[in-house]
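Asker: Next up is a structure, given as structure tokens.
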Amino acid sequence: MKCTLVLTAALSLLSGAFASCGGGASRNTGRDSARAASARDTTRFDFTATSAARWDSLFYRDHGWFGADGIFSIPLRGVDTASTSDSTMFVFSDTMIGDIVDGKLRPGFTMVHNTVAYIAGSAPDSSRIRFYWKTDAKGRPTSMFTPRTPAASDSDYYWLGDGFVNHARGDSIYLFAYRIRNISDKDFGFREVGNVVIVIPPGSRPPFTDQRQMDTPLYLEGDSASGDGSFGGAILVNTKAAGAASPDGYVYVYGVKGQRKNVLVARVTPAAFTDFSAWRFWDGKGWSRDIDSSAPIADRASNELSVSRLPDGRYAMVFQTDGLGSTVGLRLGLSPRGPFGPVIKLWDCPEVKENKHFVTYNAKAHPALSQPGELLISYNVNAFDFFHVITAYPHLYRPRFIRVAYH
């Protein structure tokens, strides 16, 4: 898909006219002015989107881990810029473990609620990735992380959010987890009941016996009109230690709330990350201490998303349009908290055309695994009546990837 989206054609024509006038010095000045104008434009994005087949193949597996959603990537150097990753930790939510033989799912498969993987380097090399889950006393697969905070009940489980390496706190990984509780056996028969931060010390490896968990006040329980919300669906580490081009010293944490999938944003310094009194929430005019004053900076997003800085200084918010929409969307912003422009369609997900039961969701970018001048983007594929469909399509439930090269 090749697109040039121009919603401000008149301004673009004026910029081109000015750039074409005068002698050599004027032409250079015109081009510089055009570049500067483009960097302030939240409506125009010149790009080419293609399938990233090698990344797709990396997660097309027949044995052990053979599918999951919720993929986030955490560069273990803590630098989230293109082609800088020596090693990356992937975190997944609901995960399928079992065997597929001759395209058929064998009996004995199981689902656990979260797993992890590590890949060395930034290339999709199947010989350099390893998947991990815990096992119980009988050797059966179990979730890597299970709730054990004061607010947790025995029936709760975790889906995982975004995370980052906190250089200000000894290089520990700070990872969001959502405490989930089943409320029925129907599709979407679950709800979030709490928000947790998991701290993984540097060098710790599965099963992370030295992890710490803490309840946070970052879950927003709403009414039928406003809907629930939670922070941790995306993190932007805007610090010098993280390689940010324009660091202001803050970690920006994004949340999503309500049926309209409104995007919220908070910020805090890395050193004060677990001092929740130090968090500030964007209220539409400034940074407030009151989480309930949080104001949307965008809507029509997905519960998982990403915000990344582009080389021209704009910020790219990537998401699945309307939560379970069929397209990967992008909004351009002028700062980590916006303002963000209109939705720009990056990709039509072909899976939803294959079967009316298939759904796509939770698109996000992975900057440290991207090449310069592009964003590597994943999205998840699932199905209604999941356990019936997965037996017919055992390779369905895995991330898909696209490359978006910007010009």
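Asker: Check whether at least one residue in region 194-209 is within 24 Å of N362 (Cβ to Cβ), of a type in the set (G, A, S) and touching a residue at least 40 places away in the same chain (Cβ under 8 Å), and report yes or no.
Answerer: Looking for residues that are within 24 Å of N362 (Cβ to Cβ), of a type in the set (G, A, S) and touching a residue at least 40 places away in the same chain (Cβ under 8 Å), one finds at least one in region 194-209, hence yes.
Asker: Oh, and also: Search region 261-280 for residues being outside any helix (DSSP H, G or I) and aromatic (F, W, Y), and hand back the single one that is nearest to E221 (Cα to Cα).
Answerer: Applying the filter and picking the extreme gives W279.
Asker: Would you confirm whether any residue within region 394-407 is small (G, A, S) and touching a residue at least 12 places away in the same chain (Cβ under 8 Å)?
Answerer: The answer is yes; a qualifying residue exists.
Asker: Could you grab me the full set of residues in region 38-73 that are part of a helix (DSSP H, G or I) and polar (S, T, N, Q)?
Answerer: Those that are part of a helix (DSSP H, G or I) and polar (S, T, N, Q): S38, S57.
Asker: Exactly one condition in (1) over 18 Å from the mean Cα position of the chain (by Cα); (2) in a loop (DSSP other than H, G, I, E, B) is false for A168; which is it?
Answerer: (2)
Asker: Could you check F90 against (1) part of a strand (DSSP E or B); (2) surrounded by 15 or more Cβ atoms within 10 Å (Cβ to Cβ); (3) touching a residue at least 40 places away in the same chain (Cβ under 8 Å) and say which number it fails?
Answerer: (3)
Asker: Separate question: Suppose we keep only residues that are buried (at least 19 other Cβ atoms within 10 Å of the Cβ) and out of contact with any strand residue (DSSP E or B) (no Cβ under 6 Å at 6 or more places or on another chain) within region 250-267. Which one would you say is nearest to E192 (Cα to Cα)?
Answerer: Here the answer is K261.
Asker: With the requirement that a residue be touching a helix residue (DSSP H, G or I) at 6+ places or on another chain (Cβ under 7 Å) and not in a strand (DSSP E or B), what does region 281-290 give you?
Answerer: D283
Asker: Among the residues of region 174-190, which ones are within 14 Å of Y158 (Cβ to Cβ) and either surrounded by 19 or more Cβ atoms within 10 Å (Cβ to Cβ) or touching a His at 6+ places or on another chain (Cβ under 6 Å) (or both)?
Answerer: L175, F176, A177, Y178, R179, I180
Asker: A further question follows. Taking the conditions exactly as written (more than 19 Å from the chain's Cα centre (by Cα) and without any contact (Cβ under 8 Å) to a residue 12 or more places away in the chain), does S288 satisfy them or not?
Answerer: yes
Asker: What's the number of the condition V193 fails, among (1) touching a Gly at 6+ places or on another chain (Cβ under 9 Å); (2) surrounded by 14 or more Cβ atoms within 10 Å (Cβ to Cβ); (3) of a type outside the set (S, T, N, Q); (4) more than 27 Å from R314 (Cα to Cα)?
Answerer: With respect to (1) touching a Gly at 6+ places or on another chain (Cβ under 9 Å); (2) surrounded by 14 or more Cβ atoms within 10 Å (Cβ to Cβ); (3) of a type outside the set (S, T, N, Q); (4) more than 27 Å from R314 (Cα to Cα), V193 is out only on (1).
Asker: Answer yes or no: is there a residue in region 316-339 that is of a type outside the set (A, V, I, L, M), touching a strand residue (DSSP E or B) at 6+ places or on another chain (Cβ under 8 Å) and surrounded by fewer than 16 Cβ atoms within 10 Å (Cβ to Cβ).
Answerer: yes
Asker: Let me ask something additional. Under 8 Å by Cβ, and 6 or more places apart or on different chains, what pairs join a residue from region 143-163 that is closer than 16 Å to D94 by Cβ with one that is loosely packed, with under 15 Cβ neighbours inside 10 Å and at pLDDT below 95?
Answerer: So the pair list comes out as S155/N182.
Asker: Can you pull out the residues in region 274-296 that are aromatic (F, W, Y) and buried (at least 17 other Cβ atoms within 10 Å of the Cβ)?
Answerer: Scanning region 274-296 gives W279, F281, W282.
Residues are listed down the side, and each one gets a yes or a no for (1) under 20 Å from the mean Cα position of the chain (by Cα); (2) of a type in the set (D, E); (3) at pLDDT 95 or above:
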{"residue": "A36", "(1), (2), (3)": "no, no, no"}
{"residue": "D46", "(1), (2), (3)": "no, yes, yes"}
{"residue": "H63", "(1), (2), (3)": "no, no, yes"}
{"residue": "M89", "(1), (2), (3)": "yes, no, yes"}
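A quick yes/no check of all residues on (1) buried (at least 19 other Cβ atoms within 10 Å of the Cβ); (2) not aliphatic (A, V, I, L, M):
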residue	(1), (2)
C349	yes, yes
V352	no, no
K364	yes, yes
P367	yes, yes
H395	no, yes
R398	yes, yes
V404	yes, no
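The values are calculated or read from the model by the stated rules, or taken from the named source; none is laboratory data. All values reported here derive from a predicted model rather than from experimental measurement. Positions of Cβ are backbone-derived with ideal geometry, glycine not excepted, and every protein chain shown enters the neighbour counts.
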